[in-house]
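Only the coordinates and a few stated rules stand behind these numbers; no lab work does. Fair warning: this is a prediction, and the values are worked out from it, not measured in the lab. When we count neighbours, we look across all protein chains shown, and the Cβ atoms used for this are built from the backbone with ideal geometry, even at glycine.
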Amino acid sequence: MTFDRTIRRLTALQESASTARVLNLSGILRQGAADPATLKPPFFDHPLLNRSIILKHRIRPNEAEAFLTVRQNATKIMLPIDPNDLRLGAHYFFVGQRDFDEVTAHVFGNALAHGQHDRQVLDLIDALPSLDPFLLREHLRRHGFEPARAYFNISDADLERMHNYVEAEITPLVAMSFKAELGSKAAAAKLVNKILSSNAPDDLGPLRGVLMLDEKEFLDGIFAWRGFLYYKWVLESLHRRTAAVTAAIELVQPRGPRDPECTAYIGPARNRICLAVQKTITGIGEMLSVYDRAYAGLTQRGDPAGFRDFLLTAPAMFTNLGEQLGAVQHIVSYWTHRFPTGRPAIASAQELMDFLIDFEDSLSFVDAPPASDAASDFSISPAA
């Protein structure tokens, strides 16, 4: 297991829960200390894993050899040296690294052996493109794991808004499927519940027959469809916040003394990040339009072939879509937590540099001019 001090960039999340890129179990455990019952059942069985920080991590060139297969992203498990002071760093390992079984056995014993509860949960997390709490909860529930709700930062209001959005989205399908109840709100609600249910493949058997998909194809496709619907909702609600955050990033200035390295990095990095966010949002919109066209073909022209093709390709697209939207969600959540609306954005040059490096790491899938040497050094630096 390797020692890592780059966790210092996550200290802004120490008193918050998570983002789409970070699952901060350490922070959740600390917040739930006053009422431990809210954290039952726990996320993991092993207590050390329950105070970890889980990160969707973009693999750097020097890390590629840690894996048997070529990967662009990995799930990084960080174990803080001191959960109350993340600046001290953490030990970490990657899910799926070459020596995963040997490394984890030294620390966790049999807890992460094949077939064990915690290993199954880690593998399910690793299969997701992001750590978005809504999709993470649904993915775990689909496979029979249901940690306490406190581990997922989802309000009742958000759940209701999401449900209403999906209901409006699938109304054309209701109109096509329930001829006798054209426009019926009850019919729409019924179909929404089926789509959002973990039993969707059973409840939507007739639709599977029309689309001529086997059970696995339909199961994977429905989950990805659910993800597309959720991501459409997230993108609509994220647009305004993203514009405000990128505007703030462009304007923020470090306070106090600054060294030449920070000065050389911060200005160009702000421009790169804002351009990369804009490009990412555009790319997300293009991917979602693939679904829109396929769905319109099914509901407006009565042509199931395009929607069938969408469900077959959706799982692969869902991964790419989730990575990109998760990166933007992470930046917006991180920034708005650190700099709440109505308060001046004040940070030292070093702190601001750490933020921006983390953002560039999140957006490294975007073709952009290479970061400065200073950024490269800090991105992989083991130094404090």
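General observations
- Tensor-based shape of the stretch 72-156 (alpha-carbon gyration tensor, a/c under 1.5 rounded, otherwise prolate or oblate): oblate
- Spin-label model, Asp35 to Glu250: label points 7 Å out along the Cα-to-beta-carbon direction sit 4.3 nm apart.
- Of the cross-linked pairs Lys56/Lys190; Lys40/Lys232; Lys56/Lys279; Lys232/Lys279; Lys190/Lys216, those separated by over 25 Å at the C-alpha level are Lys56/Lys190; Lys40/Lys232.
- Length gained when the stretch Asp101-Ala243 is fully extended (0.36 nm per residue, less Cα-Cα span): 46.7 nm
- Spin-label model, Lys216/Leu312: points 7 Å from Cα along the beta carbon direction are separated by 1.5 nm.
- Each peptide in 131-138, 108-115 gets a packing score, the mean of other Cβ atoms within 10 Å over its residues, and the list from highest to lowest is 131-138, 108-115.
- Once the C-beta distance of Asn62 and Asp156 is scaled by a Förster radius of 30 Å, the resulting FRET efficiency is 0.10 to the nearest 0.05.
- Burial ranking of peptide ranges 60-66, 324-330 (average Cβ count within 10 Å, highest at the top): 324-330, 60-66
- In order along the stretch 106-117, the phi-based Karplus estimate (6.51 cos²θ - 1.76 cosθ + 1.60, θ = phi - 60°) of 3J(HN,Hα) comes to 5, 9, 10, x, 8, 5, 10, 6, 4, x, 6, 3 Hz; Gly and Pro are listed as x.
- Projecting the Cα atoms of Leu79, Phe100, Thr69 onto the charge dipole of the stretch 59-165 (Cβ charges, centred on the Cα centre) puts Thr69 farthest toward the positive pole.
- Normalised contact order of the stretch 87-136, rounded percent, pairs of Cα under 8 Å and 6 or more residues apart: 21
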